[in-house]
Amino acid sequence: MHPITLITLVSGGTLFLIIFLHYKRAENLMIERANSLPEIIDLIISGLQAGMSITETLANLGKIGPTCVRDIFIHFEINLRADGNIQAELNILKDEFKDPLADQLFETLIYASKFGGRNAIKILHELSEFVAADISLRSEILARFGWVKNSAALASIAPWLLYLILRTQENARIAYSQPIGQLFMVIGFAFTVIAYLWMQRIASLPKAKRIFINHKESISHI
């Protein structure tokens, strides 16, 4: 294989792997945070029933909340002590989670902090049941669509396994060492990446639209 072709393939593969792993890590973190919402809501309900204020309950999540969200609520407590604006800090929490179900939770807390929380616990109980049911349903759908992602990985690997087998034959090795063969490999690699990303997109569930999006964030999307 020509050194330039090898460098191109290795560099392209490395860049794709780095970007893919970064995206996957961020996606997994968002999923983990979304899946922790029922536990977060239950802890908030327990705190409110114990006589704690909304701010005290949320600040306490930095200590006893799910591991994946503790840093978020630690920063919430620090920022709240600095400016004392609970509505602004709840809006920041919405931006951190970037989830429509989390938006409903924090909008409920904003309303309760403004007008009192007589019905807040009842609303949170209903929201907890809805969130748990939604997460369960999405998990079931994702599990059933898992075969699409597995097929995408298999379809991406198969041509290159075939290439390695063909390389054992002298005629194929000579053909792939020619400029046209090298070009064919580079184009094949590009199409493999495109096809894999396309299959991954097909297997992904459409994201629910965020209704309670912050004004500044909504402007940035326009």
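The values are calculated or read from the model by the stated rules, or taken from the named source; none is laboratory data. Predicted, not measured: the structure shown is a model, and the values here were computed from it. Here the Cβ positions follow ideal geometry from the backbone for every residue, glycine too, while neighbour counts run over all protein chains shown.
Please identify the pairs in which a residue from region 67-82 that is assigned by TED's automatic domain parsing to the domain that holds A102 has its Cβ atom under 7 Å from the Cβ atom of a residue that is polar (S, T, N, Q) and surrounded by 15 or more Cβ atoms within 10 Å (Cβ to Cβ), counting only partners at least 6 apart or on another chain.
Partner pairs satisfying both residue conditions: C68/S36; V69/S36; L80/T55.
Which condition number in (1) under 18 Å from the mean Cα position of the chain (by Cα); (2) farther than 30 Å from A172 by Cβ is the one that F20 fails?
Every listed condition holds for F20 apart from (2).
Looking at region 143-156, which of its residues are farther than 13 Å from L197 by Cα and in contact with a Ser or Thr (Cβ under 9 Å, 6 or more places away or on another chain)?
Listed by number, the list holds a single entry, F145.
Restricting region 132-175 to residues that are among the charged types (D, E, K, R) and exposed (fewer than 12 other Cβ atoms within 10 Å of the Cβ), which is farthest from D99 (Cα to Cα)?
Going through the qualifying residues, I end up with E170.
I'd like the residue in region 20-36 that is at pLDDT 80 or above and hydrophobic (A, V, I, L, M, F, W, C) and, out of all such residues, is surrounded by the fewest Cβ atoms within 10 Å (Cβ to Cβ).
Selected residue: A26.
Would you confirm whether or not region 74-93 contains a residue that is within 23 Å of the chain's Cα centre (by Cα) and closer than 30 Å to K149 by Cβ?
no
I need the full set of residues from region 179-222 which are hydroxyl-bearing (S, T, Y) and either at pLDDT below 80 or closer than 27 Å to I92 by Cβ (or both), in order please.
Y196, S204, S218, S220 - these are the residues of region 179-222 that are hydroxyl-bearing (S, T, Y) and either at pLDDT below 80 or closer than 27 Å to I92 by Cβ (or both).
Inside region 83-102, can you point out the residues that are without any contact (Cβ under 8 Å) to a residue 60 or more places away in the chain, among the polar types (S, T, N, Q) and in a helix (DSSP H, G or I)?
Selection gives Q87 alone.
Conditions (1) touching a Cys at 6+ places or on another chain (Cβ under 9 Å); (2) surrounded by fewer than 16 Cβ atoms within 10 Å (Cβ to Cβ); (3) among the basic types (K, R); (4) at pLDDT 90 or above, marked per residue:
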residue	(1), (2), (3), (4)
S53	no, yes, no, no
G62	no, no, no, yes
F76	no, no, no, yes
R81	no, yes, yes, no
N85	no, yes, no, no
L93	no, no, no, yes
L105	no, no, no, yes
A112	no, no, no, no
R118	no, yes, yes, no
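Please identify the pairs in which a residue from region 31-47 that is among the polar types (S, T, N, Q) has its Cβ atom under 6 Å from the Cβ atom of a residue that is crowded, with 20+ Cβ neighbours inside 10 Å and modelled with pLDDT of 90 or more, counting only partners at least 6 apart or on another chain.
S36/V69
Out of L105, L43, L17, L124, I need the residue that is assigned to a helix (DSSP H, G or I), in the same structural domain as Y196 (by TED's automatic domain parsing) and under 29 Å from L142 (Cα atoms). Which one?
L17
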